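Below: the structure, in structure tokens.
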Amino acid sequence: MLSLSAAPTTAAPAAKLSRVPSAALHQKTTSAAFFSQKVQLNSLRSSCSAIKSMADSQTISVPKNEQQSPASGKKQALISLSDKKDLAFLGTGLEQLGYTIVSTGGTASALEGAGVSVTKVEQLTLFPEMLDGRVKTLHPHIHGGILARRDQKHHMEALSEHGIGSFDVVVVNLYPFYDKVTSTGGIEFEDGIENIDIGGPAMIRAAAKNHKDVLIVVDNEDYPGLLEFLKGDRDDQQFRRKLAWKAFQHCASYDSAVSEWLWKQTMGDKFPPSFTVPLELKSSLRYGENPHQNAAFYVDKSISEVNAGGIATAIQHHGKEMSYNNYLDADAAWNCVSEFQNPTCVIVKHTNPCGVASRGDILEAYRLAVKGDPVSAFGGIVAFNIEVDEALAKEIREFRSPTDGETRMFYEIVVAPKYTKKGLEILRGKSKTLRILEAKSNEKGKLSLRQVGGGWLAQDSDDLTPQDIQFNVVSDKSPAESELHDAEFAWLCAKHVKSNAIVIAKNNCMLGMGSGQPNRLESLRISMRKAGDEVKGAALASDAFFPFAWNDAVEEACEAGIGVIAEPGGSIRDKDAIECCNKYGVSLLFTNVRHFRH
């Protein structure tokens with residue numbers, strides 16, 4: 001995770017607006033220092049006079065000379081919430097435990113409405129909420145009470161000297177910035193700025209820093225645990241540290257959203273000098289890629305991912321919990337099938353599509369996808385880009401493997417954009433373990449991140465489709481319209497196959513593919529072996545150029561009867577590939593687009 005951090009700055013000390021003890025004005029000093037103290041005293045008197053004038057004119061609703069100063073030993077809780085869920089439960093519980101509750105604005109009103117006694121913040125600070133609510137709690141009477149260490153005598157003496165009571169519990173959550181800037185229709189820049197919380201993070205960070213003495217809560221899910229903890233007789237520093245960690249993480253996620261939004265509003269560049277990716281735990285997994293590896297699954301909470309689709313936000317309707325490898329395979333299947341415009345079925349094994357077919361009749365597409373490689377399809381992930389209805393669900397449940405005509409096909413996952421009620425019911429009856437996912441297609445233009453040792457690689461997502469590029473004829477023979485369509489289909493499939501990738505396709509159906517081989521020739525041989533006799537007249541697509549042609553991949557493909565080849569071009573031996581295709585009467589298309597997938 002890359003984090004943006006700012007260098008600390010030193011602010012000038014604020015003038016004290018509370019009592020000025022006489023002891024502070026009778027130290028042994030030089031005449032110059034004494035003169036300085038007189039100037040400070042006059043300044044303080046002027047400030048206090050200003051506050052008194054504000055009170056007299058009813059700028060704040062606190063009577064003169066009625067600043068609240070809790071008695072020593074009095075337990076205090078500070079509550080300031082934007083999200084007031086379960087507030088009455090919390091307030092009532094704290095009051096029953098003997099806590100004096102200090103609160104702000106709408107939170108105070110909500111507590112009073114629930115019958116909870118409240119001391120308002122301005123009764124402590126003798127200062128009104130001001131600047132349209134920008135300044136409420138930024139005051140020594142608040143932050144002094146939060147930050148004072150109970151084990152430091154001079155800290156407690158300072159609180160006593162200035163009439164400041166300590167806080168034992170701080171409960172704060174922040175302005176809903178994330179929800180505002182991701183709302184439908186967006187938000188004006190100035191409205192976004194006004195939804196950046198200042199006082200809330202300051203209180204949260206202060207309480208979290210001083211968690212040894214102050215319990216900080218930022219999540220309503222922790223209210224019951226907090227009250228149970230306060231009822232107990234024994235302190236638990238681990239409980240306090242967990243709440244403090246959660247508080248700092250809450251602020252970090254909040255700040256990452258502000259940073260991401262502001263960068264896009266200011267620069268718009270997809271690659272800022274530094275950034276933070278906020279991740280939220282969705283589930284702990286049984287294990288990782290292998291049983292000896294622990295694992296978990298996190299959802300990306302970046303603003304750019306809101307309503308942007310993908311497997312991470314899929315709804316699971318049925319089946320066992322998802323595993324680490326399930327997520328990888330489901331993601332590969334869903335990303336592939338979502339690229340096709342016509343009704344399509346994609347079957348994936350170990351992140352590679354082993355069967356792909358598009359047809360007007362989705363039942364036929366499903367059967368052809370399985371037929372493409374029934375051995376690999378067994379135990380794989382099957383994905384559709386249209387609704388799964390009753391007829392399709394029955395076909396998935398009952399279809400027998402083409403290898404023996406008897407064995408029912410078994411799948412780990414079915415993923416589709418939606419299901420009819422009956423279709424979902426039928427699929428649930430296929431197996432207790434079958435995972436049924438409902439997903440939304442990934443939006444284009446996402447940032448793709450991949451980890452390497454000690455760092456991350458970032459790139460644009462590979463969003464190009466056949467409609468975005470030109471298939472340029474470089475051979476003597478031009479492809480027929482059907483051959484060009486086959487080449488486009490094969491090229492789109494090859495985009496989702498691990499390099500070195502070769503795909504052979506015909507009539508909107510993948511006949512064979514070779515993936516992940518260190519040399520392209522071997523990938524070609526694997527794909528032709530899978531295609532069998534159907535290779536004749538089919539289209540072949542390669543994810544990258546052919547480094548050699550004669551006595552190599554291009555010539556072997558031509559000799560096998562391939563009708564058209566689509567490749568990026570760009571090799572120093574492109575001329576050899578062209579001459580080889582011309583010799584065998586094969587159409588050769590250069591796309592000028594490579595599709596490596598590592």
On the accessible surface of segment 376-490, probed at 1.4 Å, how many percent belong to carbon and sulfur atoms?
-> 47 percent
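What number, in percent, do you get for the relative contact order of segment 353-413 if the mean sequence gap of Cα pairs under 8 Å and at least 6 apart is divided by its residue count? Intermediate results must be reported in sequence, preceding the final value.
Working: 65 pairs, mean separation 20.1, N = 61.
It rounds to 33 percent for segment 353-413.
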Might you tell me the accessible area per residue for the chain, computed with a 1.4 Å probe and given in Å²?
-> 51 Å²
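Obtain the radius of gyration and the Kirkwood radius of segment 222-366 from its C-alpha atoms and give Rg over Rh. Walk me through the intermediate numbers first.
Numbers: Rg = 21.3 Å, Rh = 19.4 Å.
Ratio of gyration radius to Kirkwood radius: 1.10.
Output the pairs from Lys506/Lys583; Lys242/Lys282; Lys84/Lys421 with a Cα-Cα distance over 25 Å in this structure; if there are none, say none. Show your work: numbers first, answer last.
Numbers: Lys506/Lys583 22 Å; Lys242/Lys282 19 Å; Lys84/Lys421 37 Å.
Flagged as over cut-off: Lys84/Lys421.
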Options Thr119, Asn508, Ala252, ranked by Cα towards positive dipole end of the chain, top entry (Cβ charges) = Thr119
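So if each residue of separation counts as 0.36 nm, and I subtract the Cα-Cα distance between Ile469 and Arg150, what length gain in nm does that give?
Gain on extension, Ile469 to Arg150, equals 108.0 nm.
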Within the accessible area of segment 88-163, what % is carbon and sulfur when the probe is 1.4 Å and the other protein chains stay in place?
-> 52 percent
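Rounded if a/c is under 1.5, else prolate if a/b is larger than b/c, else oblate: which is segment 298-456, with a ≥ b ≥ c the root eigenvalues of its Cα gyration tensor? Intermediate results must be reported in sequence, preceding the final value.
Details: a/c = 1.71, a/b = 1.59, b/c = 1.08.
Prolate.
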Where in the chain are the helices, taken as whole DSSP H runs, whose Cα atoms extend 24 angstrom or more along the long axis and whose Kyte-Doolittle mean reaches at least -1.0?
-> 31-56, 237-266
Would you grab the residues whose amide H sits under 5 Å from the one on Leu511? Only those 5+ places off in sequence or on another chain, please, with H modelled 1.01 Å from N.
-> Ile504, Ala505, Lys506
Relative pair counts by distance (%), Cα atoms of segment 495-571, 10 Å bins | 22, 61, 17, 0
Proximal aspartates and glutamates to Lys85, defined as alpha-carbon separation beneath 19 angstrom and excluding residues fewer than eight positions away on the same chain | Glu95, Glu112, Asp179, Asp197, Asp219, Glu221, Asp222, Glu228
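Give the calculated FRET efficiency between Glu280 and Glu112 to the nearest 0.05, with a Förster radius of 56 Å applied to their Cβ-Cβ distance.
Numbers: r = 34 Å, r/R0 = 0.61.
Taking R0 as 56 Å, the efficiency between Glu280 and Glu112 is 0.95.
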Describe numerically, in nm with one decimal, the distance between label points set 7 Å from Cα along Cα→Cβ at Ile386 and at Ser448.
-> 2.9 nm
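Provide the gained length on full extension for the span Arg529 to Phe189, in nm with one decimal, where the gain is 0.36 nm per separating residue minus the Cα-Cα distance.
On the way: separation 340, 0.36 × 340 = 122.40 nm, distance 5.89 nm.
Value of the extension gain: 116.5 nm.
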Want the number for Ser571 to Ala458: 0.36 nm per residue separation, take away the alpha-carbon distance, what's left?
-> 38.0 nm
Residue-by-residue Karplus 3J(HN,Hα) for segment 533-550, coefficients 6.51, -1.76, 1.60, Hz, glycine and proline x = 5, 6, 5, 5, x, 7, 9, 10, 10, 10, 6, 9, 5, 8, x, 9, 10, 5
Relative contact order for the chain, counting Cα pairs under 8 Å that sit 6 or more residues apart, in percent = 8 percent
Which FRET efficiency, nearest 0.05, do Val135 and Lys180 yield, Cβ-Cβ r, R0 30 Å?
-> 0.90
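Could you work out the relative contact order of segment 442-567, using alpha carbon pairs under 8 angstrom and six or more residues apart, expressed as a whole percent? Before the final figure, lay out each step's value.
Details: 216 pairs, mean separation 25.1, N = 126.
Relative contact order here is 20 percent.
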For Glu522 and Lys422, extending 7 Å from Cα along the Cα-Cβ vector and measuring point to point gives, in nm, a value of 5.0 nm
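The values are calculated or read from the model by the stated rules, or taken from the named source; none is laboratory data. A quick note: this is a predicted structure, and the numbers were derived from the prediction, not measured. We place every Cβ from the backbone using ideal geometry, glycine too, and count neighbours over all the protein chains shown. Ligands, DNA and RNA are stripped out before the accessible areas are found, and what is left, the full protein with its side chains, is counted by its heavy atoms. Shrake-Rupley method; radii C 1.70, N 1.55, O 1.52, S 1.80 Å.
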